[in-house]
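K.L.:
Sending over a structure as structure tokens; questions will come in a sec.
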Amino acid sequence: MIRLDITKALVSAGEVAAMENKVAAAQQALENGTCAGNDFLGWLHLPSSITAEFLTSIQECAQTLRENCDTVVVAGIGGSYLGARAIIEALGNSFQWLTNKGENPNILFAGNNIGEDYLYELTEYLKDKKFGVINISKSGTTTETALAFRLLKKQCEQQRGKETARRVIVAITDAKKGAARTTADKEGYTSFVIPDNVGGRFSVLTPVGLLPIAVAGFDIAKLIQGAADMEKKAAELPFAENPCMQYAAVRNVLYQKGKKIEIMVNFQPKLHYMNEWWKQLYGESEGKDGKGIFPAAVDFSTDLHSMGQWIQEGERTIFETVISIEEAEHKLLFPSDEENLDGLNFLAGKRVDEVNKMAELGTQLAHVDGGVPNMRLIVPRLNEYYIGQLIYFFEKACGISGVVLGVNPFNQPGVEAYKKNMFALLGKPGYEKETEAIKARL
Ligand code: PA5
């Protein structure tokens, strides 16, 4: 199992124990469905309720895309792409798209920005590719995704013909409403439903994450098994042994002590997008009603050379959570060198991962000395099973933590504010009043 080490969190056992009742009540409120936002608790027992037949339907669709595409573009934003990207990058070869010998399609992402250059360059790149598209949008109306999908759909149809396009475009959206559903039904695309009671940022273990991950060639059954095992532990273990409850408790103790920023740290570049996924999960869930820990993220040791100074000696309002991978998947020994011009022979014969581990330990000691509380999430290996555990761990702890904080962790009312202005500025029909009001402000 993945484990949480809070011994360097700079909180006393008494402070953590004092949170037990609140945390247990939050856990109970989630399990009983009595917390705020209780119509979005579909993620809570999702892993244990996934059936073999459902996984087979995802794998069959993935197989069709794998057989007919060298490239698959996942169109989605926020919760509709970050989880898939996080897991695919964590499990994949860092140079997959350069070294690909055709055994797995390359997975690209679009619909998560409105960069004209990005979209131009993507459509240029795809010109000689046998590409498919997975269009993911729960609402089915998100502008960034809809814009990219319109471009990709047209290009796919032009390059591959309408019939083939129909086979290699898949929709993951609401069962009934939204433009993505209308298009999927009209065109006859294979489609999967995002359950009503699962919000975007909690949807990685629905088809939203599972289909792209399966297309990339990873074992979604093992991923779900890991999540289901964590679901069971998180529901059964007592407070003192329960990693989700402990993480939620320590975060809230630290927040009350003025630690307003949590930095998610990895020592593996492959985990960059895991941090991004975590940022959305915690930021959108907790940042409301004038409250919430600000979720930041760094990739170490890379960012020790850019953010290290701030973390070591800047304002003492931060704490760190490190995702620590126990065992690297590959072995690379540091070579000896006769001349030893770089003076590194003291490392000869050591694994690169051993050097990385000492960087991790040295950083922890230095940051704790500098007054930065440190939690370590120890993950035995970077494989599907443990990533499944990690995903569910963060989801459950997020639900508990948000309830303890006293917010509704499952809504995101603030996300709408920019959209209203953007639509008004673009002159979208129905926004005439807002357009007038905005013009008066410019
Ligand atoms: O977590 C959320 O709800 C959001 O980040 C959404 O996932 C994001 O805005 C995309 O929405 P949709 O899937 O409706 O296109």
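The values are calculated or read from the model by the stated rules, or taken from the named source; none is laboratory data. Quick caveat, the model's predicted, so the values are computed rather than measured. With ideal geometry, Cβ positions are generated from the backbone for all residues, glycine too; neighbour counts draw on all protein chains shown. Quick note on the areas: whole protein, heavy atoms, side chains included, nothing else; ligands and nucleic acids left out. Shrake-Rupley method; radii C 1.70, N 1.55, O 1.52, S 1.80 Å.
K.L.:
Based on what the data block shows, is residue 376 touching a strand residue (DSSP E or B) at 6+ places or on another chain (Cβ under 7 Å), under 24 Å from residue 293 (Cα atoms), modelled with pLDDT of 95 or more and open to solvent by 50 Å² or more (accessible area, probe 1.4 Å)?
P.N.:
Answer is yes for this residue.
K.L.:
Scan the stretch 177-194 for residues that are open to solvent by 40 Å² or more (accessible area, probe 1.4 Å), in a loop (DSSP other than H, G, I, E, B) and within 14 Å of the ligand (Cβ to nearest atom) and report the count.
P.N.:
1
K.L.:
Next question, about the same structure. What residue, among those in the stretch 283-306 that are surrounded by fewer than 17 Cβ atoms within 10 Å (Cβ to Cβ) and more than 17 Å from residue 400 (Cβ to Cβ), is nearest to the chain's Cα centre (by Cα)?
P.N.:
Checked the stretch 283-306; the qualifying residue nearest to the chain's Cα centre (by Cα) is 294.
K.L.:
Specify which of the listed residues (10, 65) is modelled with pLDDT of 95 or more, surrounded by fewer than 22 Cβ atoms within 10 Å (Cβ to Cβ) and in contact with a Pro (Cβ under 8 Å, 6 or more places away or on another chain).
P.N.:
Of the residues listed, the single one that is modelled with pLDDT of 95 or more, surrounded by fewer than 22 Cβ atoms within 10 Å (Cβ to Cβ) and in contact with a Pro (Cβ under 8 Å, 6 or more places away or on another chain) is 10.
K.L.:
Take the conditions part of a strand (DSSP E or B), closer than 23 Å to residue 146 by Cα and away from the ligand (no atom under 16 Å from the Cβ) and apply them to residue 65. Does it pass?
P.N.:
When the stated conditions are applied, residue 65 does not pass them.
K.L.:
Further question: Is it true that some residue in the stretch 140-152 is polar (S, T, N, Q), within 16 Å of the ligand (Cβ to nearest atom) and buried (at least 18 other Cβ atoms within 10 Å of the Cβ)?
P.N.:
yes
K.L.:
OK, next. Could you tell me whether any residue of the stretch 393-414 is free of Cβ contacts under 8 Å to residues at least 60 places away in the same chain, surrounded by 13 or more Cβ atoms within 10 Å (Cβ to Cβ) and either under 23 Å from residue 278 (Cβ atoms) or not aromatic (Phe, Trp, Tyr) (or both)?
P.N.:
No: the stretch 393-414 contains no residue that is free of Cβ contacts under 8 Å to residues at least 60 places away in the same chain, surrounded by 13 or more Cβ atoms within 10 Å (Cβ to Cβ) and either under 23 Å from residue 278 (Cβ atoms) or not aromatic (Phe, Trp, Tyr) (or both).
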